[in-house]
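> Take this structure first; my questions come after.
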Amino acid sequence: MAECVACGDSPAVVKFVNCAKKHAEAVYCSECFHRLVEAHFKTWRKPNLPLLQCPSPKCKQPATDDDMRAFLVEQGLKERYDDLLAKEVAEDDPLFVWCVNGSCRSGQCHVGGKEQPIVTCSACSHQQCFTCRVKYHAGMSCRKYQKLLAEDPNVQSNMAFVRSSTRKCPAKNCKFRILKANDGDCDKMECKNCGFLFCYICRVSYHLVREKDNSVHLDGCPFREPDELANGTRRTENNNTTF
């Protein structure tokens, strides 16, 4: 009996069905075959069996569905294979979308289609745009995003900078993003889009601060302290930019 070509220690028991004309020997032990298939399934979103080939240099025959059915004895790998097969078929459905999160291998049918463009991955909860097939561009229409993408191929990384470096105006029905010019500026912000005045740190309305006192600032905000000169409640010109 031939030894496994992967480990060289165990008897080989796996030989793909299409290898019969090339060689008589089996090539993998069951354990090494399962490790190979598991790594293959983690790499691809589809079964991609043509890429799972016999290691014999004179053979290189691809694995087939019959091989998977015959040699996959681990239940988890069987289920993974069937899941990949189902998703491969589902790709023909215009409502099917693969998750664009680089660390996720999941896909699903999005019933809402373009009418409900936010797709939330059922596996990792990553949100993406059904139409643009990128991380969801909150606050921006698909048409505007596509225009920006045509003008600047790096729009995704630029948007990531905006999300990480700005804060949304907390006013209802506004949500414009505000970039604080530098850390030395006053933290009392006035949105240039709607005029809402708020604390940049805890986003509490200064209308509430004036009605009551500094205690309405949220826990952890330094402006809850009673010192009026240090709490940002004095009217100060701010240099800020809205997005």
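The values are calculated or read from the model by the stated rules, or taken from the named source; none is laboratory data. Values in this document were obtained by computation on a predicted structure and should not be read as measured data. Every residue, glycine as well, gets a Cβ built from its backbone with ideal geometry; the counts of neighbours run over all protein chains shown.
> Any residue in the range 85-109 that is acidic (Asp, Glu) sitting within a Cβ distance under 8 Å of a residue that is outside any strand (DSSP E or B)? List the pairs, counting only those 6 or more apart or interchain.
Qualifying pairs under 8 Å: GLU88/LYS46; GLU88/PRO47.
> So, one more: Looking only at the range 60-73, filter to residues that are in a loop (DSSP other than H, G, I, E, B) and modelled with pLDDT of 90 or more; which one of those is surrounded by the fewest Cβ atoms within 10 Å (Cβ to Cβ)?
Result: THR64.
> Taking the range 36-53, which residues are assigned to a helix (DSSP H, G or I), surrounded by 13 or more Cβ atoms within 10 Å (Cβ to Cβ) and not β-branched (Val, Ile, Thr)?
LEU36, GLU38, HIS40, PHE41, LEU49
> Quick one: in the range 1-41, which of the residues that are of a type in the set (S, T, N, Q) and over 38 Å from the mean Cα position of the chain (by Cα) is nearest to ARG105 (Cα to Cα)?
Among those that are of a type in the set (S, T, N, Q) and over 38 Å from the mean Cα position of the chain (by Cα), it is ASN18.
> For the range 33-53, give me each residue that is closer than 25 Å to ASP9 by Cα and either touching a residue at least 60 places away in the same chain (Cβ under 8 Å) or out of contact with any strand residue (DSSP E or B) (no Cβ under 8 Å at 6 or more places or on another chain) (or both).
Of everything in the range 33-53, those that are closer than 25 Å to ASP9 by Cα and either touching a residue at least 60 places away in the same chain (Cβ under 8 Å) or out of contact with any strand residue (DSSP E or B) (no Cβ under 8 Å at 6 or more places or on another chain) (or both) turn out to be HIS34, ARG35, VAL37, GLU38, ALA39, HIS40, PHE41.
> Same structure again: Which pairs have Cβ atoms under 7 Å, sit 6 or more apart or on different chains, and link a residue in the range 136-154 that is under 22 Å from VAL97 (Cβ atoms) to one that is outside any loop (DSSP other than H, G, I, E, B) and not β-branched (Val, Ile, Thr)?
Short answer, once both residue conditions are applied: TYR136/GLN127; TYR136/GLN128; TYR136/CYS129; HIS137/CYS129; HIS137/TYR145; HIS137/MET159; CYS142/CYS129.
> Would you mind stating whether LYS78 is of a type in the set (D, E, K, R), in a helix (DSSP H, G or I), in contact with a strand residue (DSSP E or B) (Cβ under 6 Å, 6 or more places away or on another chain) and within 30 Å of VAL13 (Cβ to Cβ)?
Values: of a type in the set (D, E, K, R): yes; in a helix (DSSP H, G or I): yes; in contact with a strand residue (DSSP E or B) (Cβ under 6 Å, 6 or more places away or on another chain): no; within 30 Å of VAL13 (Cβ to Cβ): yes.
The answer is no for LYS78.
> While we're here: Just wondering, is there one or more residues in the range 123-138 that are at pLDDT below 85, in contact with a Cys (Cβ under 8 Å, 6 or more places away or on another chain), among the aromatic types (Phe, Trp, Tyr) and over 18 Å from ASP93 (Cβ atoms)?
No; the residues of the range 123-138 include none that is at pLDDT below 85, in contact with a Cys (Cβ under 8 Å, 6 or more places away or on another chain), among the aromatic types (Phe, Trp, Tyr) and over 18 Å from ASP93 (Cβ atoms).
> Does SER56 fit the bill of being assigned to a loop (DSSP other than H, G, I, E, B), farther than 30 Å from VAL13 by Cβ and of a type in the set (Ser, Thr, Tyr)?
No: the conditions fail for SER56.
> Which of the numbered conditions does VAL97 fail, given that it passes all the others? Conditions: (1) outside any helix (DSSP H, G or I); (2) surrounded by fewer than 18 Cβ atoms within 10 Å (Cβ to Cβ); (3) of a type in the set (Val, Ile, Thr).
Tallying (1) outside any helix (DSSP H, G or I); (2) surrounded by fewer than 18 Cβ atoms within 10 Å (Cβ to Cβ); (3) of a type in the set (Val, Ile, Thr), VAL97 fails exactly one: (2).
> Any idea which residue in the range 11-35 is surrounded by the fewest Cβ atoms within 10 Å (Cβ to Cβ), counting only those that are among the charged types (D, E, K, R) and part of a loop (DSSP other than H, G, I, E, B)?
LYS21
> State yes or no: is GLY76 assigned by TED's automatic domain parsing to the domain that holds VAL37, small (Gly, Ala, Ser) and in contact with an Asp or Glu (Cβ under 9 Å, 6 or more places away or on another chain)?
On the way: assigned by TED's automatic domain parsing to the domain that holds VAL37: yes; small (Gly, Ala, Ser): yes; in contact with an Asp or Glu (Cβ under 9 Å, 6 or more places away or on another chain): yes.
Yes: the conditions hold for GLY76.
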